[in-house]
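Take a look at the structure below.
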Amino acid sequence: MRFRYTAIASAAILALALSACSGGSAGKSVVTAADKVEVKDGLVIDGELIADQNTYDVAKTQTLTLYTGYQEANQVAFNNAFTADTGIKVEYVRDVTNKLAERILSESGAKQLGADVIITSDYKVANSFSKAGVWDPFTPLPIADDADLQHDDGNFTTFASPAVSFAYNTQLVAPENAPTSWRDLLDPANAGKIGITSGTAGGSSIALNRFLQEKVDPQFWTKLAALNPTIFDSGGQRQEALARGELNVATAGTAAVNVAVTQDNAPLALVVPDEGLVLFSFFIGKVAQAKNSEAAEVFINYALSERGQSVISQVGDYAARADVAPPVVDGVKLPRLDSDKVWMMPAEKELEFGSADADVWKAAFGR
């Protein structure tokens, strides 16, 4: 599903956007306000320089256009925090990785690319944008000395490290009966009551496919297919079905569960499986044809600042920066990146395993 969203620099609208209602009572925001925003000598947030005065003065007159594959709820929360902190409005277009990539390459080829900044989850896709001349190399100020987060000669940068796990409906599954490992999902009792997304749709699929092959069971997808799971086109559809009670359990992103539980009071519980959470990368970059170049630079600098990374963590994803604490989901602090409960997909390995592992998934489900 495609849509466009505008974030407006208004405290009242921010409060509404970051809070949701369930049963008539407002949920609480997942993102807290910045400690200190200074605009006297450029834009400085919580003591960290985001933009010099000239760049910021121009950026404030612009409206940023973002093309993103990031989860809807996560992106809304991030955009609203950015607008509240900087006063810069954001419009965004969201779609699943593959469809969004087709749009970007088509618009770029016609010299009509509407985005100023792109966020995508697939390293292969981000790399294809380099070959097509989509990116304008840009090094974010806050991580200028961190080469590990910069890719392809500075064309794009690691933005966030979302985690994939699974969640269950607390109204249908008692805690004592809840699955605690990936292998538990193969229990025949779950037949017809499991939700997943396509194993060919982007970075999360690539990472989960490789993890299951390496750490759980090379025949995992074949065995799961025998239980007749419901396959959704998007993570949002899958989570809505789980919250409505159409499923007992479903694969899930940690941030999506956190937002749903915190803001919508959804009856969901996240599991940190015995074999671990599965992490993958989202990447961010400036577009060569950007019409709002200054706003793009401020947005990317903000995204990689400690404040921007803390917003990502508060939403429920792992930050790209190692100096930002792990996320807390529904009151539970997730394990550190160096924990044996965390498995991280190396970005460049997506090129090595992505296609072959997707073929395994397609063979299992006949798609």
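The values are calculated or read from the model by the stated rules, or taken from the named source; none is laboratory data. A quick note: this is a predicted structure, and the numbers were derived from the prediction, not measured. Please note that ligands, DNA and RNA were not included when accessible areas were found on the heavy atoms of the full protein model with its side chains. Shrake-Rupley method; radii C 1.70, N 1.55, O 1.52, S 1.80 Å.
Summary of values
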item	result
Karplus (6.51, -1.76, 1.60) ³J(HN,Hα), θ = phi - 60°, over the stretch 90-102, in Hz, Gly and Pro reported as x	10, 10, 9, 10, 10, 7, 5, 3, 5, 5, 5, 4, 4
Accessible-area composition of the stretch 40-90, carbon plus sulfur, in percent [1.4 Å probe]	45 percent
Karplus (6.51, -1.76, 1.60) ³J(HN,Hα), θ = phi - 60°, over the stretch 54-68, in Hz, Gly and Pro reported as x	4, 4, 5, 4, 6, 4, 5, 8, 10, 10, 6, 10, 10, 9, 9
Portion, in percent, of the accessible area of the stretch 187-321 that falls on carbon or sulfur, probe 1.4 Å	43 percent
Three-way shape call for the stretch 68-116 based on the alpha-carbon gyration tensor, with the a/c threshold at 1.5	oblate
Value of relative contact order over the stretch 96-202, rounded to a whole percent, pairs C-alpha under 8 Å and six or more apart	27 percent
Per-bin percent of Cα-Cα distances, the stretch 315-359 [10 Å]	23, 41, 27, 10
Cα gyration tensor, the stretch 36-78 - rounded (a/c under 1.5), prolate or oblate	oblate
Kirkwood-based Rg to Rh ratio, the stretch 182-263, C-alpha trace	0.95
Nearest 10 degrees, 0 to 90: helix 254-264 Cα axis against the chain principal axis	80 degrees
Per residue accessible area in Å² of the chain, where ligands, DNA and RNA are left out and the probe is 1.4 Å	41 Å²
Semi-axis lengths, Å, the chain, gyration tensor of Cα atoms, sqrt of 5 times eigenvalues	33, 24, 18
DSSP bridge orientation in the chain - percent antiparallel, rounded to nearest 5	70 percent
Choice from R321, R210, R244 with maximal GNM fluctuation in the chain (Cα, 10 Å cutoff)	R244
Those lysines that a straight Cα-Cα span of less than 23 Å connects to K131, excepting residues fewer than 8 apart in one chain	K99, K111, K286, K291, K349
Most fluctuating residue given options K60, K40, K111, as computed from a GNM of the chain linking Cα atoms under 10 Å	K40
Translational diffusion of the stretch 274-367, µm² s⁻¹ [Kirkwood Rh, Cα pairs; Stokes-Einstein; 37 °C; 0.692 mPa s]	206 µm²/s
